[in-house]
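Worksheet: the structure to be examined is printed underneath.
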Amino acid sequence: MGRTLTASDMNVPEGVLNRIAEARSASVLTGAGVSAESGIPTFRGAGGIWEKYDFRKLATPQGFKEDPELVWEWYQLRQREMLKAAPNPAHLVIADMERHYPQFSVLTQNIDGMHKRAGSNHIVELHGSIWRLRCVRDGLVTQTDAPVVEIPPLCQCGSILRPDVVWFGEPLSDEVLDAASRAAASSEVMFVIGTSAVVYPAAALPIITKNSGGLVIEVNTEPTDVTTYADVSLMGPAGKMLPALWNLIRRTESFMKEHPFIPNR
Ligand code: BJW
């Protein structure tokens, strides 16, 4: 195990730490990178899903129409992998943050359900969930906690079910996008964790926070477009950087004043 990172290692100005600790409203935008240390692969970059699989065949409505069995085989495989994985320290810190901020939302692009398993409650699933199935005929949604057995799975009405996720070229639901945009606009701080920030409209959310006067704090193993306007960019794995940052925040005077009885600090 490496040594604990300090404020100067992380290069986070004291003033920024205090603003993060004093904020009343915060949100976290997560992408595939937050689940990478749980063993769930990311989409882009070396070893990413799109290196191995063709997104046109697997993550578009056209691909599903042409070959629903192929698409379901891929989702079944991913359901099995996700079920085997466990939340990592980054998911757990995000769940802990919710206990500190009176107004707090997790805006996740991930469909893996890991934030819920880690204990987060206020979650907006921007791109849907692999644990929901939707009838292609009447739109009826059913929840599941186990990988599909039949391929393709069928609705009681006899029509095919599809994963209740957002594929390329499909709109995010109005309700989801409204909730996410409102959270972004009212956040005094947004943490942007493990996303390449190339997929819109999700990638616009931290820009909304920034334009509304909020702080944007990025955690990623590589620079992204967010790096160009973030107030702080921490380059490293989320499972290490986020707990270290959260520890620093918890040690600020502002945080201690609000939570005087928290043990084990
Ligand atoms: C770590 C780490 C560690 C690693 N710690 N960090 C041109 C063509 C086609 C479409 C478009 C186009 N131009 C614009 C569009 C629109 C399109 C889009 O944005 N495309 C861009 C790619 C160009 N957007 C859409 O189509 C969206 N819909 C839409 O716009 O609708 C408009 C509309 C209105 C009205 C009518 C009709 C339409 C929908 C986008 C849906 C995206 N879907 C997917 C699949 C979801 C289901 C599934 O998972 O199966 O969502 S694609 C994939 O990308 C997935 C992700 O949620 C999303 C974002 O990826 P993410 O999470 O950022 O992952 P990566 O892999 O990209 O990045 C991981 C990051 O982690 C990296 O930065 C690493 O460095 C980092 N990392 N390890 C910290 N340990």
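None of the figures in this text is laboratory data; all of them are computed from the coordinates on show. Predicted model only: the values in this text are computed from it and were never measured. Every residue, glycine as well, gets a Cβ built from its backbone with ideal geometry; the counts of neighbours run over all protein chains shown.
Structural remarks
- Candidates Lys65, Lys57 - the one that is of a type in the set (Lys, Arg) and either more than 14 Å from the ligand (Cβ to nearest atom) or out of contact with any Asp or Glu (no Cβ under 9 Å at 6 or more places or on another chain) (or both): Lys65
- Any pair with Cβ under 6 angstrom, 6 or more apart, that starts in the range 125-153 at a residue that is over 10 Å from Gln76 (Cα atoms) and ends at one that is of a type in the set (Lys, Arg): Arg134/Arg162; Val136/Arg162; Val141/Arg132; Val141/Arg134; Gln143/Arg132
- None of Leu29, Leu70, Leu77 is surrounded by fewer than 19 Cβ atoms within 10 Å (Cβ to Cβ), within 15 Å of the ligand (Cβ to nearest atom), touching a residue at least 12 places away in the same chain (Cβ under 8 Å) and hydrophobic (A, V, I, L, M, F, W, C) except Leu70.
- Among the residues of the range 115-135, those identified as assigned to a helix (DSSP H, G or I) and surrounded by 20 or more Cβ atoms within 10 Å (Cβ to Cβ) are His115, Ala118.
- Members of the range 226-249 that are without any contact (Cβ under 8 Å) to a residue 40 or more places away in the chain and assigned to a helix (DSSP H, G or I): Val226, Thr227, Thr228
- Of Ala85, Ala146, Ala118, all but one fail to be more than 25 Å from Met241 (Cβ to Cβ) and among the small types (Gly, Ala, Ser); the exception is Ala146.
- Index of the failed condition, Ser8 passing every other in (1) more than 16 Å from the ligand (Cβ to nearest atom); (2) crowded, with 16+ Cβ neighbours inside 10 Å; (3) polar (S, T, N, Q): (2)
- Counting only helices (runs of 4 or more DSSP H) that sit wholly inside the range 1-114, those with at least 2 residues that are in contact with a strand residue (DSSP E or B) (Cβ under 8 Å, 6 or more places away or on another chain) and under 29 Å from Cys135 (Cα atoms) are 68-84.
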